[in-house]
Amino acid sequence: MLIVKNIAECRREREKLGRVAFVPTMGALHAGHLSLMALARRHAPKVAVSIFVNPTQFGPKEDYTKYPRPVESDLEKCEQAGVDMVFMPPPEEMYAPGMAELVVDLPQLSSVLEGKHRPGHFRGVCQVVAKLFNIVTPNVAFFGQKDFQQLRILTAMVEALNLPIEVIPGPTVRDPDGLAMSSRNQYLSPTERERALAINRGLFLAAGEFKEGVRQANRLVTTVQHVLLEQHLSIDYVASVDPITLKHADQVNGPTVLAVAARVGNTRLIDNVVVG
Ligand code: AMP
């Protein structure tokens, strides 16, 4: 497995690879990331992974400095997953001092849900993924449905910029008790982790109500809110939205995303399910 840390070397090595499937990550790899790598292997003979904790997508009061960076074990996991190339640039390589600011934004999609609660977050995500796409020039790229708004925005970015890259979603991978895997789960104490289960429990309870015939999205949202409040989680939002426009959905008439962002102690978690 090739490990490259600078852009010029990444371009040189990429040229030798032919068709490439790409999985961008911030490291602290778990089974969710590994499932994207496995999916990537089915779509191209060569798999590239980036590990880069992108400073521009963190707010000033967020966890950029304390975000976990277990480099050695991440590289082992990539190796075991059969990854061909890992691109892990230091921050100065991606953001050279003095480089002019670049804004890539899809305001209709980035101003709601996560974007409303994390101002500038998706500008940072679009900026770094646009740069990574230009450096790695993959044929196909993989993103998790766990971050469904990110997936939607990056799909729209590729379309809006006419990038010759296919974006493929991967399903949310969960721990056996249902908690969506996240690098941030390791911040949770055992009791916080128990309380965090309210997020998936609430979403699955609402999905069950949908299956039993409930079509009013507000009722499904209320169900989720109740379960979260029982565990005293602090709710950023519980929303029902159209998966393409991300606009509020009143009724479940077609695919509808129920999305949650909530805090357990100091840890902010997100999750979602699709109904309809
Ligand atoms: P991150 O390292 O958090 O930036 O995530 C890198 C990629 O892994 C993104 O496309 C995420 O959506 C995806 N991902 C994170 N957690 C999960 C999960 N539990 N299941 C599936 N994909 C995930």
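The values are calculated or read from the model by the stated rules, or taken from the named source; none is laboratory data. Owing to the predicted nature of the structure, the values given are computational and were not obtained by experimental measurement. Here the Cβ positions follow ideal geometry from the backbone for every residue, glycine too, while neighbour counts run over all protein chains shown. Side chains are part of the model used for accessible areas, which takes the heavy atoms of the whole protein and leaves out ligands, DNA and RNA. Shrake-Rupley method; radii C 1.70, N 1.55, O 1.52, S 1.80 Å.
Please give me the summed charge of the neighbours of GLY265: other residues whose Cβ is under 13 Å from its Cβ, Lys and Arg +1, Asp and Glu -1.
Counting the neighbours of GLY265, the net charge comes to +2.
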Pairs over 27 Å Cα to Cα, from LYS146/LYS247; LYS5/LYS66; LYS66/LYS131; LYS77/LYS211; LYS16/LYS131; LYS77/LYS131, come to LYS77/LYS211
For GLU79 and PHE204, extending 7 Å from Cα along the Cα-Cβ vector and measuring point to point gives, in nm, a value of 3.6 nm
Within region 226-249, the residues whose backbone N lies under 19 Å from a label point placed 7 Å from the Cα of VAL214 along the Cα-to-Cβ direction are 226-233, 235-242, 248-249
Tilt, helix 121-136 to longest principal axis of the chain (alpha-carbon atoms), in degrees rounded to tens, equals 30 degrees
Binned at 10 Å from zero, the C-alpha pair distances of region 183-271 give percents of 18, 48, 26, 7
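For region 2-170, which semi-axes, largest first and in whole Å, follow from the square roots of 5 times the eigenvalues of its Cα gyration tensor? Before the final figure, lay out each step's value.
Values: eigenvalues 108, 65, 56 Å².
After diagonalising the Cα gyration tensor, the semi-axes are 23, 18, 17 Å.
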With Cα coordinates, the longest principal axis of the chain makes an angle with the long axis of helix 190-211, in degrees rounded to 10, of 70 degrees
Across 5 Å bins beginning at 0, the whole-percent shares of Cα-Cα pair distances in region 120-276 come to 2, 9, 17, 19, 18, 15, 11, 7, 3, 0
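Carbon and sulfur together cover what percent of the accessible area of the chain at a 1.4 Å probe radius? Walk me through the numbers on the way to the answer.
Values: 6930 of 13180 Å².
The C+S portion of the solvent-accessible surface of the chain is 53 percent.
State in Å² the accessible area per residue of the chain; use a 1.4 Å probe, count heavy atoms of protein chains only, and round to the nearest integer. Let's see the in-between values first.
On the way: 13180 Å² over 276 residues.
Here the residues of the chain average 48 Å² of exposed surface.
Please go through region 45-134 and write out the GluC sites (Glu not before Pro) that DSSP classes as loop and that have at most 14 other C-beta atoms within 10 Å.
GLU62, GLU101
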Computed over the Cα atoms of region 84-166, the Rg and Dmax in Å are 13.3, 37
Reduced to Cα centres, the span from region 24-41 to region 198-264 in Å works out to 27 Å
Rounded to the nearest 10, the angle in degrees between the Cα long axis of helix 31-41 and the longest principal axis of the Cα atoms of the chain comes to 50 degrees
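Nothing charged except the Cβ atoms of Lys and Arg (+1) and of Asp and Glu (-1): what's the magnitude of the dipole of the chain about its Cα centre? Round to the nearest 20 debye.
Numbers: 30 positive and 29 negative charges, 39 e Å.
Computed charge dipole of the chain: roughly 180 debye.
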